[in-house]
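Shown next, in C-alpha cells, is the structure this report addresses.
The values are calculated or read from the model by the stated rules, or taken from the named source; none is laboratory data. In this text the structure is predicted, and so the values were computed from the model without any measurement. Here the Cβ positions follow ideal geometry from the backbone for every residue, glycine too, while neighbour counts run over all protein chains shown.
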Amino acid sequence: MKRIEAIIQPHKLDDAKEALKGIGIDGMTITEVRGHGRQKGHTETYRGMEYKVDLLPKVKLEMVVADARLEEVIKTLTAAARTGKIGDGKIFVFEVADAIRIRNDDRGDAAL
C-alpha cells in the first residue's frame, strides 16, 4: 500500500475530488494548510501599508491506495490539479506497512 500526500491550490480542490471520485477513490483526508515553495509569496497593500504574504493558502489531500492503483491515482490527481503555473503543488508517495479498520479488524488492502 502507498500513502499519497498532495499539496494543491485551493481552487483546484473540487476538480481533484471529482476526478478521484470518478476513478473510485472515495476515502481521503483534506486539510487546509499554508506554505510556499519557489514562488516565495507576494506583496500586498492594506490601508496604505505594504506587507509580505509569504505563507500562501494550500490544500493537502491524503489517501492510502493499493500499490496497483498508485500510478492511476497520481495521473488523475496531476491532471486535475494542474494549471501550468508556478505554485501548482507537489505529490509525495510513502510506503504504508499496514492498515487496520478499527470497526472490524480488517487488515491491509481489505481495510481500505
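What's the number of the condition Arg38 fails, among (1) within 13 Å of the chain's Cα centre (by Cα); (2) at pLDDT below 90?
(1)
Note down all Cβ pairs under 9 Å where the first residue falls in the stretch 85-102 and is closer than 24 Å to Pro57 by Cβ, the second is modelled with pLDDT of 95 or more and of a type in the set (Gly, Ala, Ser), and they're at least six residues apart or on different chains.
Matching pairs, first to second residue: Asp88/Ala81; Gly89/Ala6; Gly89/Ala81; Lys90/Ala6; Ile91/Ala6; Ile91/Ala81; Phe92/Ala6.
Examine the stretch 28-41 for a residue that is touching a helix residue (DSSP H, G or I) at 6+ places or on another chain (Cβ under 8 Å), over 14 Å from Gln9 (Cβ atoms), aliphatic (A, V, I, L, M) and surrounded by 10 or more Cβ atoms within 10 Å (Cβ to Cβ), and state whether such a residue exists.
Checking the stretch 28-41: at least one residue is touching a helix residue (DSSP H, G or I) at 6+ places or on another chain (Cβ under 8 Å), over 14 Å from Gln9 (Cβ atoms), aliphatic (A, V, I, L, M) and surrounded by 10 or more Cβ atoms within 10 Å (Cβ to Cβ).
How many residues does the stretch 47-81 contain that are of a type in the set (Gly, Ala, Ser) and surrounded by 12 or more Cβ atoms within 10 Å (Cβ to Cβ)?
Qualifying residue count, the stretch 47-81: 3.
More than 15 Å from Ile23 (Cα to Cα), free of Cβ contacts under 8 Å to residues at least 40 places away in the same chain, touching a strand residue (DSSP E or B) at 6+ places or on another chain (Cβ under 9 Å) and among the basic types (Lys, Arg) - does that describe any residue in the stretch 55-74?
Scanning the stretch 55-74, I find no residue that is more than 15 Å from Ile23 (Cα to Cα), free of Cβ contacts under 8 Å to residues at least 40 places away in the same chain, touching a strand residue (DSSP E or B) at 6+ places or on another chain (Cβ under 9 Å) and among the basic types (Lys, Arg), so the answer is no.
Scan the stretch 1-36 residue by residue and report those that are farther than 22 Å from Val73 by Cβ and in a loop (DSSP other than H, G, I, E, B).
Result: His36, single match.
Scan the stretch 61-90 residue by residue and report those that are on the phi > 0 side of the Ramachandran plot and either acidic (Asp, Glu) or in a strand (DSSP E or B) (or both).
The answer is Gly89, and nothing else.
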